[in-house]
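Derivation of every value follows stated rules applied to the coordinates shown; laboratory data play no part. Just so it is clear, the structure is predicted and the values come from calculations on it, not from any experiment. Don't worry about glycine lacking a Cβ; one is built from the backbone with ideal geometry, like all the others, and counts go over all protein chains shown.
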Amino acid sequence: MPTRTTQNSDASLYYITFTCFNWLPLFQLTNAYDVVYKWLNYLKEKHNIQTTAYVIMPNHLHSILFFPTPNFSLNKIISNAKRFMAYEIIKRLKETNQTAILEQLQSAVTKKEKQKGQLHKVFEESFDAKSIDNRKFFLQKLNYIHLNPVRGNYKLVNDWRQYEHSSAGL
């Protein structure tokens with residue numbers, strides 16, 4: 001997933017996705033769903049960024065975020081989010097002695113990343129961000145987000161409105 005955007009000049013609605021390293025179910029393994037909620041609340045309280053829709057899957061996150069003011073940096077917002085979440089996920093992995101996963105995340109760090117002080121690779125480096133500029137695309141992404149828990153390999157619930165970590169049932 002390539003990073004799509006750096007600096008944005010208009011108030012905007014964006015579909016955003018990022019993934020745990022190697023699609024490991026790190027949110028689930030560490031019960032870190034609350035960490036994502038804290039980040040979404042932080043965005044609202046600190047930056048007035050509204051969460052329009054979301055689903056937190058065991059190994060990735062989809063969201064539609066509304067940025068009400070211009071001149072925001074998606075790269076900075078998402079990199080800060082991933083850093084914030086990574087610290088808590090690593091802490092929880094250590095607390096539950098999940099050494100095999102910790103070793104896997106540690107061995108994935110490149111030499112260059114180690115020089116910058118990174119100790120574990122919790123998320124894939126890139127993220128996907130797509131500007132939503134029409135109703136058809138908005139509805140496509142909204143449906144994709146909300147139906148994610150009942151499709152593909154996941155089938156986490158039978159009824160998409162019943163998945164606990166989704167805005168579908170709100």
Any chance you could get the radius of gyration and Dmax over the Cα atoms of the chain, in Å? 16.2, 47
Using Cα positions and a limit of under 17 Å, work out the aspartates and glutamates in reach of LYS44, with same-chain residues fewer than 8 apart set aside. ASP34
The FRET efficiency for ASN41 and ASN75, from their Cβ-Cβ distance with R0 = 22 Å and rounded to 0.05, is 0.55
